[in-house]
Each structure stands twice: as C-alpha cells, then as structure tokens.
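Each remark here refers to the structure printed beneath this line.
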Amino acid sequence: MGFDEFLEKGSIAEEPVLTAGDLARGHLKPTRGLTFRPYWWEAAPRQHTSPALPKRSDVVIVGSGFTGLSAALTLLRHGRSVVVLERGVPGYGASTRNGGQIGSGNQKFRVKRLIELRGPAKAAAMLREGVRMLDYIEHLIATEKIACHFKRCGRFRAAVQPEHYESMARDMEDLHAIADVESFMVPKSELHSEIGTDVFFGGSILPQDASLHPGLYHAGLMQRIQEGGGHIIGNAAAQDISGDEHDGHSITTPLGSIKARDVIIATNGYTDGLVPELGRRIVPIGSGLIATGEIPEDTLSRLLPKNRVYGNTNRVFYYFRAAPGERRLIWGGRVGRLANNTSPLAFRHLARDMLHVFPELADVPVTHGWDGTIGYTYDEVPHLGRAATGMYYALGYCGTGVSRATYFGNKIALQLLGRSDGRTAFDDLSFPSFPVHTLAKRAVPVVETWYRFLDATKR
Ligand SMILES: Cc1cc2nc3c(=O)[nH]c(=O)nc-3n(C[C@H](O)[C@H](O)[C@H](O)COP(=O)(O)OP(=O)(O)OC[C@H]3O[C@@H](n4cnc5c(N)ncnc54)[C@H](O)[C@@H]3O)c2cc1C
C-alpha cells in the first residue's frame, strides 16, 4: 500500500462516512467520503489536455457541451474543419453535471397553456418536434456507437397533490390528441408498482422518455470529434469576437487568436457578456445533485421497481434515478443558497427531500455533491438562430437539455450549412430579452423562495 493509499484507506478508514441522515440533520462531522465533483466524472474523467490553437478553421464553436459537440460532429461529417473552444476543462458545463434524464421538453407548459401562448398549429409543431428530439439523440448514439447506457426507461412524474394528478391526467390526454404522445396514469392505489413510497398521489408515465450516463455520452461525442479531425481546446475562453459574416470572424483567447468564417455560440447557462445580445436573453440558474453510496439490492428494487427516471409536480421540483449499472441513487433539485458548493451544507436540502420520500435511506452514505448552471429564457423555450453580427447560436434549454441541446446543436450546424433539413419549428420565434437583466439574475432566489412557499402551501 502506497502512502497516499494508506492515507485514504488506512489512517482515516476508522472514521464513519457521512450518511444521508447526518447530512439531512446538519450533523456534518465527519465528512469522509463526500467529494464535491460530479459522480459522472468517475467513469468519464475530464481530459485536461490543451492542444495548440490552430490559426484558422471553417467554424469555431464556443462551448464544449452537448450543443457544441453535436454541432461539431454534424459539421465534421459534412466536411468542415471545426475548433471547439472551452473556457474550462472540456465538458466543464452542465452537459457532464446533469441528471441524465432524457425528455422532450414537452412538459414545460401544459398543452392548453402552450396553445394559448402560441396558437394550435405552432404548439402542435413544437410538441411534435420535442418527440423528434428524443428520437434524434437515440439515433445519434446508435449511429456513432457511443456506449453510454442509453435506455428508454420511461419517466414517472409523481403528483405531490391530488389536484396535480387530475390536471396531469387531462394534460396527458391533450398531449396525445395534439402530438400523439403515448402516456398512462398510475393512481395512488397502484403507486407501489412504480415507487416504494406513500408520499405521492399517483403519477404519470411517459414510457418513451429515457436515461443515459451524461459523462460517458459526452466522452463518446468528444472521441468521435477527435477521431474525425476536430479540435476541442480547453482553457481557451473566447474573450472577444470581431468581424462579421462577410469577412469572417477573429476570436481572441488566452492561447492566441483564431480566424473562422463562421462562429456558433453554445454557452447556454454559462453565457456571459461575450455576445451582449445573447447575454441579455439568458439568466443562469443553479441546480445541485447528490449521489449516494451503495444501496442494498432488495431495497433499491423495492424503491424503484421499474428503474425509470423520476420527478415531481412541484414548481421547484426534485428529480432522481438510479445510477446506471450501480445501486446508487442520484438525487437533484435546487441549488443550495446558504453555503458554497464545497460545503456539505449546500446539499443538505437534497438529502432532506430524499429522506422525505425514502426515509429508509437514512443510513446510506452520501458520496458526491455537485452543481451546475442551467440557462433560462424569458419565454421558457430554447432558441436558435443568428445574432446581429452573423454568429449562430443555440441555447436556453431551461433545464431540459440532454436531448434538446443535442438536437439544436445538429440543427444549427445544418442551418449554417444552408440545408433545408436544418429548419425547426423554433426558428421564427422571437427571442425576448429579460426586461431588466441584472435584476432578473438577482431575483432568482426570491422567485424560487416564493414558488417553494406556493408548493408548501398547496396553492
Ligand atoms: C445540475 C443539472 C442537472 C440537469 N439535469 C438535466 C436532466 O436530467 N435532463 C435534461 O434534459 N437536462 C438537464 N439539465 C440541463 C442540461 O444539462 C443542459 O441543458 C445541457 O447540458 C446544455 O448543454 P450546452 O452544451 O448547451 O451547455 P453546457 O453543457 O453548459 O456547456 C456550455 C459550455 O460553454 C462554456 N463557455 C461559456 N462561456 C465560454 C467562453 N467565453 N469561451 C469558451 N467556453 C465558454 C462553459 O464553460 C460550458 O462548458 C441539467 C442541468 C444541470 C446544471
């Protein structure tokens, strides 16, 4: 045993690990075993290499998440040279930090509300495209042969109030009528066929929703891009972009500058003032997750008998699932506000929520806690298109981005190539700014607290 291993296994092995019960109660000593990095990075460690910055490329993509990589892969497959610039380590952002739950985004609005906002024809087109996004990610993973535990496991959305069950049932009927989406309801009397708890009032199942391992999916995309001759360069923040669509763009980074005919901005929740007209249209919102240690097999199969992905109907909701191939639970929700993300306190509320649903997990260790940033838009739909200076963009997935970022990345690349199959139902939507952007950013905790109050008081 080496010294480091001795330190890890030998000297402090006597200390008990931090359990979910300790964390929920705020008994934070000892914290052995809790690390503050994404669980997904264990199987897919981040690559720290920074190859030299080429002098020029057909296309430069800013941001190395699913949007940027999906766009890069499409462009490479159509014979374009591509450089992906990343401020941090490649895959630093939400794409390797998320819950790995794959949906269509169709549950962001009730169908009736979407029709009120957009009219019946546009609402139908958007909802049908949501279904195609799910099909697209499955197709991409299969054709690129990416081993990432993709599975059409279905989603269980748990009703936290009896009224939520009724309104979900009506919404599922509307969804079927307008976009042919398959679903079914599970009444409270049959709850245990789906989940081992009594705290919910039944729920809905979307059997076509899916799950994957986000770290492995991201690593697989990176590998295909590198095999195809694309460059993904870490520690290379785009600091300034000058030029236009006629003369091309010059992008300044700490590693030097690079020229490109076209640029795609794929920075979603990490969008800042680089392109001010996009910065004004995105508000970053934090989301946090914890991973538990091993749960006994019979317990886990009683709690999650169908091994789906799960969420609830609250405005400030939580979401959870088992880790693929392991007997751990991954539990996500709002980000901790009272402590920074390298303190166990930042994750206490997640353990509390988890034990409210599954009290028998109190003795299970908590091994990972991490957070990330989602990109919210004012109208709560994602947007893609061209900014004033001719740069392309795709962003604003409002927390449902595994399939949507993959799909929008592909579509924005096809639009850049001038192809008619790049068109989407989202192309002609106006992209509103937040009325007072700095206030909107500061208001996030206030709005969230208000929503939690409404959730708690059953309004
Ligand atoms: C904690 C969490 C849980 C989530 N869970 C789910 C889920 O279960 N299901 C789901 O569908 N969605 C989920 N999402 C949302 C989903 O992960 C995102 O919508 C999606 O990954 C966005 O991908 P992206 O490529 O657009 O952005 P990101 O993956 O965030 O990548 C943007 C990248 O841009 C980089 N960047 C920013 N500025 C610059 C610059 N100037 N120069 C260079 N690089 C720059 C950032 O460092 C970042 O790496 C979750 C998000 C979070 C944070």
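When the stretch 299-342 is filtered for residues that are free of Cβ contacts under 8 Å to residues at least 40 places away in the same chain and in a loop (DSSP other than H, G, I, E, B), the ones remaining, listed by number, are 317, 318, 326, 327, 338, 339, 340. When you look at residue 180, is it touching a residue at least 60 places away in the same chain (Cβ under 8 Å) and over 15 Å from residue 312 (Cα atoms), yes or no? So residue 180 does not fit the description; no.
For (1) more than 30 Å from residue 433 (Cβ to Cβ); (2) basic (Lys, Arg); (3) surrounded by fewer than 16 Cβ atoms within 10 Å (Cβ to Cβ), each residue gets a yes or a no:
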position: 326; (1), (2), (3): yes, no, no
position: 334; (1), (2), (3): no, yes, no
position: 349; (1), (2), (3): yes, no, no
position: 357; (1), (2), (3): yes, no, no
position: 360; (1), (2), (3): yes, no, yes
position: 374; (1), (2), (3): no, no, no
position: 377; (1), (2), (3): no, no, no
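A single entry from 201, 156 fulfils the requirement of being of a type in the set (Phe, Trp, Tyr), buried (at least 18 other Cβ atoms within 10 Å of the Cβ) and either within 16 Å of the ligand (Cβ to nearest atom) or under 24 Å from residue 41 (Cβ atoms) (or both): 156.
Determine whether residue 24 is outside any loop (DSSP other than H, G, I, E, B) and in contact (Cβ under 8 Å) with a residue 24 or more places away in the chain. So residue 24 fits the description; yes. In this entry, residue 166 passes the filter for residues that are among the charged types (D, E, K, R), surrounded by fewer than 20 Cβ atoms within 10 Å (Cβ to Cβ) and closer than 19 Å to residue 314 by Cα.
Okay, residues lined up against (1) within 14 Å of the ligand (Cβ to nearest atom); (2) of a type in the set (Asp, Glu); (3) touching a Pro at 6+ places or on another chain (Cβ under 6 Å); (4) in a loop (DSSP other than H, G, I, E, B):
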{"position": "80", "(1), (2), (3), (4)": "no, no, no, yes"}
{"position": "104", "(1), (2), (3), (4)": "yes, no, no, yes"}
{"position": "112", "(1), (2), (3), (4)": "no, no, no, no"}
{"position": "125", "(1), (2), (3), (4)": "no, no, no, no"}
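Taking first residues from the stretch 71-96 that are over 18 Å from residue 375 (Cα atoms) and partners that are of a type in the set (D, E, K, R) and outside any helix (DSSP H, G or I), the Cβ contacts under 8 Å between residues at least 6 apart in sequence or on separate chains come to 73/144; 75/58; 80/58; 81/58; 82/58; 89/46; 90/46. The residues of the stretch 377-402 that are within 30 Å of residue 199 (Cβ to Cβ) and within 10 Å of the ligand (Cβ to nearest atom), listed by number, are 397, 398, 399, 400, 401, 402.
Are any of the residues in the stretch 251-268 of a type in the set (Lys, Arg), under 27 Å from the mean Cα position of the chain (by Cα) and closer than 22 Å to residue 392 by Cβ? No, the stretch 251-268 contains no residue that is of a type in the set (Lys, Arg), under 27 Å from the mean Cα position of the chain (by Cα) and closer than 22 Å to residue 392 by Cβ.
Scanning the stretch 242-258 for residues that are part of a strand (DSSP E or B) and over 16 Å from residue 416 (Cβ atoms) yields 242, 250, 252, 253, 256, 257, 258. The residue list 34, 18, 53, 73 contains one member that is farther than 22 Å from residue 406 by Cβ, hydrophobic (A, V, I, L, M, F, W, C) and modelled with pLDDT of 95 or more, which is 53.
How about the stretch 127-155: which of its residues are in a loop (DSSP other than H, G, I, E, B) and out of contact with any Leu (no Cβ under 9 Å at 6 or more places or on another chain)?
145, 153
Only one entry in 283, 309, 316 is within 30 Å of residue 267 (Cβ to Cβ), under 19 Å from the mean Cα position of the chain (by Cα) and surrounded by fewer than 18 Cβ atoms within 10 Å (Cβ to Cβ), namely 316.
Residues in the stretch 263-304 that are within 30 Å of residue 32 (Cβ to Cβ), of a type outside the set (Ser, Thr, Tyr) and either touching a Lys or Arg at 6+ places or on another chain (Cβ under 9 Å) or within 15 Å of the ligand (Cβ to nearest atom) (or both): how many?
12
One residue stands out in the stretch 49-73 among those that are touching a Phe, Trp or Tyr at 6+ places or on another chain (Cβ under 9 Å) and in a loop (DSSP other than H, G, I, E, B): the one that is farthest from the ligand (Cβ to nearest atom), namely 64.
In the set (1) part of a helix (DSSP H, G or I); (2) in contact with a helix residue (DSSP H, G or I) (Cβ under 6 Å, 6 or more places away or on another chain), the condition left unmet by residue 199 is number (1). Here the stretch 259-285 is the region considered, the condition is being touching a helix residue (DSSP H, G or I) at 6+ places or on another chain (Cβ under 8 Å) and assigned to a strand (DSSP E or B), and the residue that is nearest to residue 361 (Cα to Cα) is 285.
The values are calculated or read from the model by the stated rules, or taken from the named source; none is laboratory data. Note that this is a predicted model, so its numbers are computed, not measured. Heads up, the Cβs are rebuilt from the backbone with ideal geometry, glycines too, and the neighbour counts pull from every protein chain shown.
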